[in-house]
Amino acid sequence: MNSILEISGLRKSYGPLEVIKGVDLAMKPGEVVSIIGSSGSGKTTLLRCINLLEEFQGGDIRIDGQLIGYKTSNGKRVALPERERAKNRALTGMAFQQFNLFPHMTALGNVTLGLRKTRGMAKDEAVAVAEKWLERVGMSQRKNHYPIQLSGGQQQRVAIARAIAMNPKLMLFDEVTSALDPELVNEVLNVIQDLANDGMTMLLVTHEMRFAYQVSSKVIFMEHGVIAEEGDPKEMFHNPKSQRLAEFLGKSKFQ
Amino acid sequence: MDLSAFFVELANVWPRLLQGSIATVTVSFQAIAYGSVFGSLLGLMIFYGRMPARICGWIYLDFIRGTPVLVLMLASFYIVPLAGLGLSATGAGILALSAFCSAHVAEVFRGGLAAVPPGQAEAAKSVGLTFPKILFYVLLPQVLRQALPAWINAAVEIVKASSLLAVISVPELLLTTQQIVSRNFMNAEFYLVCGLIYFAINLTLSKFGKLVEKRLAF
Ligand SMILES: Nc1ncnc2c1ncn2[C@@H]1O[C@H](COP(=O)(O)OP(=O)(O)OP(=O)(O)O)[C@@H](O)[C@H]1O
Ligand SMILES: [Mg+2]
C-alpha cells in the first residue's frame, strides 16, 4: 500500500536554532501514530511543518504521494506559490491545543467556512456535510451556538469536526486535551478513538500516555528534534530500549 | 442676558446655523470616509508589508501625528495649489482632515490586527484558505468588532477638528457662528449654541457607535 505520509530528512530551524534535525517518518492509510516526548523536543513543530504552517529548510514531505510546500527547479529548492500551498494545507487537517475556533461564527459556521471558501461547495451542501460531522462528534444539538457559549471539550469537538469535514488525507492532533479540565478530557478522546476505529489516518501528539498506548499502531519518542525511539506501543511502554525513554515514561507515571 | 432678544435673534439666524451644521457634518463625513479607507490600507501595509513599505508607513504616521491639525490645514490650503492642483478651500480642508483621520485609523486598525490571536489565522490557513479570504472572513470581522470604539473616537476627533476649517474661510459651523456674533454681539449665547450643536453631533455619533457595537457583539 502507498504511504499517506512520507517524510524524509526533515530539517527545520528558527533562526540559528535547529529544532528538527533530520526526521524520517512514513504512515500507511488507517495508521494511528502517537508522538511523545519532553517539552521542547519538536513535536508541535513537526506537526506544523506537515500542515505547512511553518517553513522548513531541508527534507521532503509527501502527502498521498504529493510533494508539499516546495519543489526543485534547476536543482534549486524553491517554495511553491502561496495558492499551491493553501491547497497543500487542505490535504491535512489540524486540531490545535487552544481549539482556535472563530469566535464570530457559530459551530456550524466554523465548520462550513472551509467547505465553502476552500472547497467551493454551495451553501446547502456545505451545511449538510458540516451537520454530518457535528453529529459525529456529538455537537449537532449545539450547532447554532457561538464558541463562547460552549465548554472547552465542546469547542474542541467542533474544532475537530471543522478539520475533518474537509476530508483530509491525514488528521493531526496537537495535545488537543491539554487545555481542558480533567473531566472534559474523555469526551474528546472518545471522539478521536471513534475516528481511529473508523480508519482515519492520524498523527497525534499527546501527553495522555494511557490513550497513546491504547489508540496507536505505532509510538514515536522524540528527543531534541530527532526520533529517538519508535515502535509498537506495547514494546515501547513495557520494554523501552533507551534510558531516556525509560526515564520519560517513569516521569509520566505510565505503568 | 436678555432671553427674549436671544430667541428673536435665534429665530432669525437658525437657517444659517443649520447650514453651517450641515457643512460641518458633510465635511467631517467625507474626511472620515476617505480617512478610514486610506487608514485601513495603511494599517494593513504597516502590519503585513515588507520592511521598506512599513518604514514609509511609519514615517507618514509619525509625521501626521506630530503635526498640529491646524498646520496640516494651512499647509494643504497654501502648499497643495503650488503643485498645480486646483483645490477649493473645502477640498483642502477635507484633505487635511482625511490625512489626520487616516493616521488615527491606521493605528487603530494595526492594533486591532495585532490583538487577534495568531491561532485564528493559523486555523483558517489550516483549512486551506488563502490570505485574502483569511483577512476577509476571519480577521476583519474581529478587528472591526474590537476597533469600533476607538474608530468612533477618531470620528469624534474629526468632527471637532473640522472647526479648524474656519481659518481657511470654509463656512462651517464655527465660522458661521463667528459671522453671526460679529453682527449681533451675542458672543456668550451663540458660542454656547455652537458648542451644543457640536455636542449633539458627537453624541449622535457615539450613540450610533454603541448601537453598532451591540449588533456586532458575539
Ligand atoms: N516561533 C518560534 N520561534 C523560535 N523558537 C521556537 C518557536 N516555536 C518553537 N520554538 C522552539 O522550538 C523547539 C521545539 O518546540 P515545540 O513547540 O515543537 O516543542 P514541543 O515538543 O511541542 O513541546 P511541548 O511539549 O512543550 O509542546 C523549542 O526549543 C522551542 O523553544
Ligand atoms: Mg507542543
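The values are calculated or read from the model by the stated rules, or taken from the named source; none is laboratory data. Since the structure is predicted, the reported quantities are computational estimates derived from the model, not experimental observations. When we count neighbours, we look across all protein chains shown, and the Cβ atoms used for this are built from the backbone with ideal geometry, even at glycine. Quick note on the areas: whole protein, heavy atoms, side chains included, nothing else; ligands and nucleic acids left out. Shrake-Rupley method; radii C 1.70, N 1.55, O 1.52, S 1.80 Å.
Of note:
- Selection within segment B:29-47 - touching a residue at least 24 places away in the same chain (Cβ under 8 Å) and touching a Lys or Arg at 6+ places or on another chain (Cβ under 9 Å): B:Leu42, B:Gly43, B:Leu44, B:Ile46, B:Phe47
- Check on A:Met236, more than 15 Å from ligand 1 (Cβ to nearest atom), without any contact (Cβ under 8 Å) to a residue 60 or more places away in the chain and either open to solvent by less than 10 Å² (accessible area, probe 1.4 Å) or within 14 Å of chain B (Cβ to nearest Cβ) (or both): yes
- Among (1) hydroxyl-bearing (Ser, Thr, Tyr); (2) away from ligand 1 (no atom under 16 Å from the Cβ); (3) buried (at least 23 other Cβ atoms within 10 Å of the Cβ), the one test that A:Thr72 misses: (3)
- Tally, over segment A:95-115, of residues that are within 7 Å of chain B (Cβ to nearest Cβ), open to solvent by less than 30 Å² (accessible area, probe 1.4 Å) and more than 16 Å from ligand 1 (Cβ to nearest atom): 3
- Criterion (more than 13 Å from ligand 2 (Cβ to nearest atom) and touching a helix residue (DSSP H, G or I) at 6+ places or on another chain (Cβ under 9 Å)) met by exactly one of A:Gly30, A:Gly22: A:Gly30
- One residue alone among A:Gly231, A:Gly225, A:Gly250 is touching a residue at least 12 places away in the same chain (Cβ under 8 Å), more than 23 Å from A:Gln193 (Cα to Cα) and of a type outside the set (Val, Ile, Thr), and that residue is A:Gly225.
- Identity of the residue in segment A:200-224, open to solvent by 40 Å² or more (accessible area, probe 1.4 Å) and not basic (Lys, Arg), that ends up nearest to ligand 2 (Cβ to nearest atom): A:His207
- Looking only at segment A:33-53, and only at residues there that are part of a loop (DSSP other than H, G, I, E, B) and within 9 Å of ligand 2 (Cβ to nearest atom), the one that is most open to solvent (accessible area, probe 1.4 Å): A:Ser39
- Answer from A:Ile148, A:Ile227 - the residue that is outside any loop (DSSP other than H, G, I, E, B), within 16 Å of ligand 2 (Cβ to nearest atom) and modelled with pLDDT of 95 or more: A:Ile227
- Segment B:108-120 - residue that is of a type outside the set (A, V, I, L, M, F, W, C) and at the interface with chain A (Cβ under 10 Å from one of its Cβ atoms) and, of those, nearest to B:Ala154 (Cα to Cα): B:Pro117
- Of all the listed residues (B:Ala103, B:Ala155, B:Ala123), the sole one being in a helix (DSSP H, G or I), among the hydrophobic types (A, V, I, L, M, F, W, C), touching a Leu at 6+ places or on another chain (Cβ under 9 Å) and within 12 Å of chain A (Cβ to nearest Cβ) is B:Ala123.
- Of all the residues in segment A:116-139, those that are away from chain B (no Cβ under 14 Å) and crowded, with 17+ Cβ neighbours inside 10 Å number 6.
- Residue match in segment B:128-135 (condition: closer than 30 Å to A:Arg162 by Cβ, in a helix (DSSP H, G or I) and facing another protein chain (nearest Cβ under 9 Å)): yes
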